[in-house]
Each structure stands twice: as structure tokens, then as C-alpha cells.
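As C-alpha cells, the structure follows; a few thoughts come after it.
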Amino acid sequence: MKQLYAYIHIPRTGGTSITKSLPDYKSRNDSWEEHYHYVKSRSEIEYYSANIPSLAWRTPEQHNKIKMLTGHGICFTSYTWVRFTVDKWLPFTFIRHPIKRLLSSFNYRHKKTVLTQSPPVFSQIVPAMNENAQILNKTADDYNTLWEWYRDANSESNLQCKWLINFFKYYDSSTQSFIDYPEFAMPAEVAKYENFTWEDGFALWYSIPNVFPLFEIVNELIPKLWFIADSDNIDTIMPRACDIINIRWTPLARRINITHDSFRKWSFEDVMNQPDIEKVIECEEHDFKLYECSKQNCLPF
């Protein structure tokens, strides 16, 4: 039985650490054929720079070695990208405490702004903040609390629920509803032709105010996952998962802390003591329900 696994990389939930701990997909000195990583408009350039063939140019033998798909650009029908019959498709993901995820995004924006010395980076880095924040070139110094920033960052609201919905369903703006991806859908970088177009990263509908019952939609989709778990347990769960997949897992030594302490404006304790933090918690109700679900979900191994 041929099995294919997929890690759904929700931003700021430890995904870069997971990706870097799997075989290096950009190195011919590593088992690059076992791990295919896809991010729209970026992966093909990375592969070309590393002298690694993109998926479209790999031989059937090379396809047959793929064990794991990762990256922001994969979706529920990505198993059709490979040139072998997938008997079992097993996507999985990790969910982070919603306030910690939001704070990580805020501090990451702050770090990039400081290092590039470019104020627009803070509001324009994906997912882009509201138009008002972009026009005013707002930075971390314009906000006294996480809630003030949150109001300018609609796309960050309940992003973990949104990301999972977007993995399973495509938002059809003409009908304002979620529809299934067609099985033949392949990004141009993967297939070398376009037969269906969708937003495979930060979808445009993320910025729409919360008019969807996000957690209710996600809750019906969770049974389609191999597992969902709390991101605090990545270091104990992933080695066990990789044993089952028969793919190497390299411990934390290979990882980098992208948001170094010296670039953090606030710590978790700081924001939890802010006077309006309860407003953020209330607005993140869908992601908090998802987070609780991830902590209680039983692992299949």
C-alpha cells in the first residue's frame, strides 16, 4: 500500500522548524527526493538555485521516492501531483495557542522591519494588514497593545481555522461559498500548465470580517486528517510520526530561532497583562476552540 503524508504548515506554529528537521529538500547531499516542499512562486526558484528538479521535471522513479509533502501551497488534492497511485493520503498539522501565534506574527514583523530598515515591511508582509495601516506605514511603535494591532490585522484573525478550511476547500467569491478542489487542480509551477486557479497561500477571503462559522466548518473536516496536535508537543510527536513514515527526523540543533529575543517588542507575559487582552481572546474564539480540540485529539500512534 502506497502512503503519502502531508504537513499542513499554518504560519507561526513551528512549521519552519518541522520543515528544516526533515530531509533537506534543497540539498543533493541529503535525501531530497523524499521531501517535496511547495510554496507558490518561490519553490521552483529555490529548486533551480539548488540544482534540484522541480516536481514537473522529475522522473517516475524520483516521484516514487516522495514520502512527505510540506509547504504553504499544498491543499487537500495535492496527492494528485505525484506520478504514482496514492492508496492512503495522510495530512496532519499542529495548532498553536492563539495569543502566542498572534504575538509571534507581530514580533516577526517587527524583527523584519528593524533588520531591513523598511517601515512598510511591518504592514505589508503576508498576510498584509488593513489598507489604512499600509497607507500610514504603521510599525510596532504605533501600537501600545496587541489588541490595537489586531484591529489592523483582519487576515490574522482566527487564521488557524481559516488555513485549515483553505487546505480542504476553495472559496468561490462568485457564490460566497466554499467548494471542493477538483482532483486535477495543479499549480502551474508543478504541472507546467494551468487548468484551475486558486489562492494557495494567504487567500483573499481571510480579510473578510468573521461572517463564517469557522470552527464549525473545521470541526467537520478534522476527521479527514491523520492527526491534529498541540504545537507544544512537536518535539515528542514528530520523531514518532517520522518513524512510521520511515523518514529521517533531525533534532532541534538544525533549527533557527527566527524571532530572536532582542527583536521582540513584547513577551507572552507582557501581552497577557495588557488591559485589553480579553478583547483579543474573545475575538479568537474559533482558534481557541480549535486549539482545545488539538490538545484533546487522540494520536493514531
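The values are calculated or read from the model by the stated rules, or taken from the named source; none is laboratory data. Treat the numbers as computed from the prediction; the structure is a model and nothing was measured. With ideal geometry, Cβ positions are generated from the backbone for all residues, glycine too; neighbour counts draw on all protein chains shown.
A few comments on the model shown:
- Residue among S123, S104, S155 that alone is out of contact with any helix residue (DSSP H, G or I) (no Cβ under 9 Å at 6 or more places or on another chain), touching a residue at least 12 places away in the same chain (Cβ under 8 Å) and not in a strand (DSSP E or B): S104
- Residues in the stretch 138-149 that are closer than 19 Å to F263 by Cα and not charged (D, E, K, R): T139, A140, Y143, N144, T145, L146, W149.
- Summed over the stretch 22-43, the residues that are in a helix (DSSP H, G or I) and surrounded by fewer than 22 Cβ atoms within 10 Å (Cβ to Cβ) give a count of 3.
- Checked against the criteria, L69 does not count as under 18 Å from the mean Cα position of the chain (by Cα), at pLDDT 95 or above, surrounded by 21 or more Cβ atoms within 10 Å (Cβ to Cβ) and more than 23 Å from W226 (Cβ to Cβ).
- Look at the stretch 234-249: where a residue is farther than 22 Å from H97 by Cβ and a partner is among the polar types (S, T, N, Q) and buried (at least 19 other Cβ atoms within 10 Å of the Cβ), sitting 6+ places away or on another chain with Cβ atoms under 6 Å, you get W249/S21.
- Checking the stated criteria, I99 turns out not to satisfy the condition of being at negative phi, surrounded by 15 or more Cβ atoms within 10 Å (Cβ to Cβ), outside any helix (DSSP H, G or I) and β-branched (V, I, T).
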